[in-house]
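Written below as structure tokens is the structure these notes are about.
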Amino acid sequence: MKALEEKILTEGTVLPGNVLKVGGFLNQQIDSDFIMEIGKEIARLYESEHITRVLTVESSGIAIAVAAGIALHVPCIFAKKHRSANMPREVYTASVYSYTHRETYEIAVAKDYLSSADRVLIVDDFLANGNAVRGLMRILEDAGAQLAGCAIAIEKGFQGAGDELRAKGIRVESLAIVDAMTDESVRFRAQ
Ligand code: 5GP
């Protein structure tokens with residue numbers, strides 16, 4: 001998605017530790033019109049896949065997942081990282097190591113919202129080492145739900161998880177794939 005690549009080039013910054021900061025339009029501040037364009041592009045890619053639910057993990061995946069859910073006309077579920085008092089006792093869980101926070105946390109989805117009748121699209125803002133996506137895939141397996149594929153805004157191709165998942169036959173669509181980045185430049189994979 002050319003518009004996303006351009007926004008990364010003009011508004012993104014590269015932080016130490018191979019972290020791309022896109023807080024100005026995707027993470028902390030969300031460009032509302034642009035996020036809907038991302039949602040529509042994801043819906044265009046997966047429109048024939050009979051998706052019944054979009055699944056992400058809080059918090060940075062939520063905006064994109066909601067935009068995709070709106071465009072696909074299906075509910076969006078987000079896995080919670082923090083148990084709250086109103087969380088049902090019956091949950092699917094998985095342990096996930098966070099790339100940006102450098103800690104392992106448990107994600108949970110209430111069993112009420114996922115079932116074996118579902119065909120699910122996993123959505124996230126970034127794909128780096130693939131821990132978040134693999135945790136969400138474990139939750140789908142537990143629920144007996146079908147994985148239709150993954151839709152990612154920004155894949156960091158140099159970290160390899162996208163290609164590993166593709167090699168396993170999983171459909172992974174990333175709207176921008178960063179193959180290399182330094183303080184001064186970001187190089188995208190031609191797709
Ligand atoms: P993974 O689990 O694939 O290693 O990392 C994906 C998760 O880590 C995403 O949900 C995203 O929130 C976060 N993440 C990974 N790399 C980056 C990055 O370069 N920039 C930002 N903003 N978040 C990242």
* Asked: What shape does the range 57-149 take by its C-alpha gyration tensor, where a ≥ b ≥ c are the square roots of the eigenvalues and a/c under 1.5 counts as rounded, a/b above b/c as prolate, and the rest as oblate?
  -> rounded
* How many nm is it between the label spots at Arg134 and Ser98, if each spot is 7 Å from the Cα in line with the beta carbon? -> 1.9
* Tyr105 paired with Lys21, simple spin-label distance in nm, labels 7 Å along Cα-to-beta-carbon -> 2.0
* So what is the accessible area of the range 2-188 per residue, in Å², with the probe set to 1.4 Å? -> 49
* Asked: Taking Cα atoms, how many degrees apart are the long axis of helix 62-72 and the longest axis of the chain, rounded to 10 and kept between 0 and 90?
  -> 70
* Leaving out same-chain residues fewer than 8 places away, which lysines sit with a Cα under 17 Å from that of Lys21? -> Lys7, Lys156
* Asked: Which length gain, in nm to one decimal place, applies between Lys168 and Ala117 when the Cα-Cα distance is subtracted from 0.36 nm times their residue separation?
  -> 16.1 nm
* Asked: Going by alpha carbons, how many degrees (0 to 90, nearest 10) lie between the helix axis of 32-46 and the longest principal axis of the chain?
  -> 70
* Want the number for Arg89 to Lys2: 0.36 nm per residue separation, take away the alpha-carbon distance, what's left? -> 27.0 nm
* To do: Report, ordered by chain and residue number, the lysines lying within cross-link reach of Lys111, taken as a straight Cα distance under 22 Å and ignoring same-chain residues fewer than 8 apart.
  => Lys80, Lys81
* Roughly how many percent of the accessible protein surface of the chain is carbon and sulfur, given a 1.4 Å probe and a whole-percent answer? -> 48
* Structure fact -> So, with points 7 Å from each Cα along the Cβ direction, the Ala180-Glu37 label distance in nm works out to 2.8
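The values are calculated or read from the model by the stated rules, or taken from the named source; none is laboratory data. All values derive from a computational prediction rather than experimental measurement. Backbone-built Cβ (ideal geometry, glycine too); neighbour counts: all protein chains shown. For the accessible areas, the whole protein counts, side chains as well, though only heavy atoms, and no ligand, DNA or RNA atoms are used. Shrake-Rupley method; radii C 1.70, N 1.55, O 1.52, S 1.80 Å.
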